[in-house]
1. Taking interchain pairs and intrachain pairs at least six residues apart, which have beta carbon atoms under 8 angstrom, with the first residue in the range 408-432 and closer than 17 Å to Val463 by Cβ and the second open to solvent by 20 Å² or more (accessible area, probe 1.4 Å) and aliphatic (A, V, I, L, M)?
2. Among the residues of the range 555-599, write down those that are basic (Lys, Arg) and buried (at least 21 other Cβ atoms within 10 Å of the Cβ).
3. Can you tell me which residue within the range 60-107, out of those that are closer than 22 Å to Thr127 by Cβ and open to solvent by 100 Å² or more (accessible area, probe 1.4 Å), is nearest to the chain's Cα centre (by Cα)?
4. Is it the case, given these coordinates, that Ile331 is open to solvent by less than 60 Å² (accessible area, probe 1.4 Å), farther than 24 Å from Asp451 by Cβ and either of a type in the set (D, E, K, R) or modelled with pLDDT under 85 (or both)?
5. Quick check on the range 47-59: of everything there that is open to solvent by 40 Å² or more (accessible area, probe 1.4 Å) and in contact with a helix residue (DSSP H, G or I) (Cβ under 7 Å, 6 or more places away or on another chain), which residue is nearest to Asp32 (Cα to Cα)?
6. If you take the residues of the range 334-380 that are more than 20 Å from Pro294 (Cα to Cα) and of a type in the set (Val, Ile, Thr), which of them is least open to solvent (accessible area, probe 1.4 Å)?
7. When the range 45-59 is examined, which residues are found to be assigned to a loop (DSSP other than H, G, I, E, B) and more than 28 Å from the chain's Cα centre (by Cα)?
Amino acid sequence: MSSVAAEINQTITVKIQIADDTENVIALNFPDNFNVENLKEDVSKKFLIKPENLLVFQNDEEIKNNHFLTELKLNDFGIIEILLKLNDVAIEDGIKLDNSVYYSSFTLPDIITVHVPFEDENGLQTTKDLVVEIENKTIKKPFLGGFFHKKTKIEYHHAFTQTGPTIDQIQKVKEEKSSRDTQTIELRQISIDTSKDESTQYFGDANETLFITTTTDNELMTNKDFETFEDLQLRINMVEKVKLIQRNFRLCRLKKCIRECASEFRRISAIKKKQEERIKQDYINANRKSENFPRTKKDFDVLFSQIATWKETETKRISKEFTGPTRVIEIQALLEKEIQLLNGIEKRRLEIQEEIQAARQDRILKQCGEPVKWIGYRNTLIEMDTIRTQRARKLTELFALLRQPMKNLDDRLRLLNDISEALCNENTSRIIELENLFERERELLRCKVSDDTLKILRERQLVVFLDVIKDDEYNKSKKSITHICEKCKAVLPVKNFAMHSKQKYYDLCQKCASLKSSKTDLSVYRAILRGIQRDERKRGAFSSFAFIIQETDVRHIIENIWHGISILSQCNVTSDLRLCRWNIDEEWSPWNCICLTDTEARIHVKCCNLESIYGEKIMAECRSRHSLAKSTYKHLKKIDSSFVESGNWHECGINDKIV
């Protein structure tokens, strides 16, 4: 009993208040070693929801999952009072904290702890914990009769089963009462009479006579004009009345249907308008975020394009307003502003590259430290933690400490000694190189060299240490084909080279290609490409030309082949241009397209006979443009055949946001 009491004294009583429900309060007991995450898991099982949907608050402050229950505040009776809420995702999904669900899965504990306040001998107010054992005194109520409803399939019991009488009373009641009278209506037969006399039929024998008195019969009968059946039907006019009722009924039903359709149309229009406004606002927010906080190459290209457009506009303005030495001064000021803007963008780009590099290193180290997994008997997931993974996890912790800056000299030296001790049993060329770098830093730290001087040395240590953590098996699996860049003469993997559809071999890396090409905002051409791919999917096209080309190819087709204008209206606004099919029956390709505006493209796709609509001049010009496109992208036919034969064409360019 002492061990049980000691174990019970280590529990904590928690009073849970559900948000938006001030009447119901839940009290539970938890061990003192539980944290908020364990509490969420226990409560979520009773409410039949996920633990991630719950939020715990105390004094209007959210409590994190890593907080233990012993760290929370207690009330005067030693009880923890918290508030339970749902997050925004659960509220949008329609999840609720239903008390009926909770009490259906709730079981009362056999032993609870009660905190009782009392005054001691000195008159001080204290509390005392009492262990209370709950004994189940419920009885099994006997079945004293009932009936079963045939239609609703509900079983009804007599009212005696809803109470808990003694055994003697039960036996006495069972002897006296064992019928359905308690829930059955008593029926009686009564005689009624009509409000006036009416004729009846007599079903007696033919020989018998029935005498009916006429003393009380005061009804007078008078003769009327004779009316034939045809005149009666004509007077009643039943068919026309039925037709009138049917017409009015159809009209009423049609009006009701029109009102319902109009209401549904207004509702769908309102929803569609809200969705369009939300998409437009999301697009504006995304553009604003990409301009203020660029992260991808596309975002930086947009910024460079804006700077180039701004410079061109300012140059035209200066050339128009100033001449002579004043123009030279303005051009010089413009160049200084451009250099300042480019330096700021480049600084931001280098910071993003460092963040991406750190995230890539963390991902590689996590992959090295993961246990070996495979599917075993009966689809059971088996994990095996090997010596290699344990070593990788241990070295990963040291790598994280080595990457953090340390102001204390002794802590830095102690960390270098710990790493050297962890790698003392291994003897490879990379470990020897790493030890030499550590020894060099120790000597420089003894000389009290500044951290800025040691920055390059520490970066080299991180690179070598990362290679040491990655074993030979990982390096073998991650080896790739390398090529040399013709511009910077650097040997890099194939993935670091810039690729486009008009390229025949690897020549320039991505960095050199970005410096060589002009920075252009490709968002307009990207939208045109999405429209082409969306239209091809709707038509069920099996060609891969629409999914192989890129934004740069669309830009080349519009600017160099179609000269950036619509062939019909000569519109030069790029955002209004579209590349639709020239021949509607054939699949889209660079040599089967025409550059038109959005309105013109919608009309063009409905045309069946092109010769009867377009003149000979436009037909000849389109044929020449198609010949130029075919000679430019003739190598795409080989790529298209490989994609179609492999069956992977439908996976190109598929994106939920694009579709």
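1. Close Cβ pairs (under 8 Å, with a partner that is open to solvent by 20 Å² or more (accessible area, probe 1.4 Å) and aliphatic (A, V, I, L, M)) amount to Ile419/Leu398.
2. Initially, the range 555-599 is screened for residues basic (Lys, Arg), giving 555, 578, 581.
Those that are basic (Lys, Arg) and buried (at least 21 other Cβ atoms within 10 Å of the Cβ): Arg578, Arg581.
3. Keep residues of the range 60-107 that are closer than 22 Å to Thr127 by Cβ, which gives 68-82.
Keeping just the survivors that are open to solvent by 100 Å² or more (accessible area, probe 1.4 Å) gives 71, 73-74, 76-77.
On the way: Glu71: 34, Lys73: 36, Leu74: 38, Asp76: 44, Phe77: 44 Å.
Filtering the range 60-107 for residues that are closer than 22 Å to Thr127 by Cβ and open to solvent by 100 Å² or more (accessible area, probe 1.4 Å), the one nearest to the chain's Cα centre (by Cα) comes out as Glu71.
4. Working: open to solvent by less than 60 Å² (accessible area, probe 1.4 Å): yes; farther than 24 Å from Asp451 by Cβ: yes; either of a type in the set (D, E, K, R) or modelled with pLDDT under 85 (or both): no.
So Ile331 does not fit the description; no.
5. So, considering only residues that are open to solvent by 40 Å² or more (accessible area, probe 1.4 Å) and in contact with a helix residue (DSSP H, G or I) (Cβ under 7 Å, 6 or more places away or on another chain), the one nearest to Asp32 (Cα to Cα) is Pro51.
6. Looking at residues that are more than 20 Å from Pro294 (Cα to Cα) and of a type in the set (Val, Ile, Thr), I get Ile364.
7. Within the range 45-59, the first condition is being assigned to a loop (DSSP other than H, G, I, E, B), and the residues that meet it are 48-50, 59.
Residue satisfying the conditions is Asn59 alone.
To keep it simple, each residue is scored yes or no on (1) open to solvent by less than 100 Å² (accessible area, probe 1.4 Å); (2) within 25 Å of Ser569 (Cα to Cα); (3) modelled with pLDDT under 90.
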| site | (1), (2), (3) |
| --- | --- |
| Cys607 | yes, yes, yes |
| Cys622 | yes, yes, no |
| Asp640 | yes, no, yes |
| Ile654 | yes, no, yes |
| Ile658 | yes, no, yes |
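The values are calculated or read from the model by the stated rules, or taken from the named source; none is laboratory data. Given the structure is predicted, the values throughout are model-derived calculations rather than measurements. As a convention, Cβ positions derive from the backbone with ideal geometry for all residues, glycine included, and neighbour counts pool all protein chains shown. Accessible surface is based on the protein model in full, side chains and every heavy atom, while ligands, DNA and RNA are left aside. Shrake-Rupley method; radii C 1.70, N 1.55, O 1.52, S 1.80 Å.
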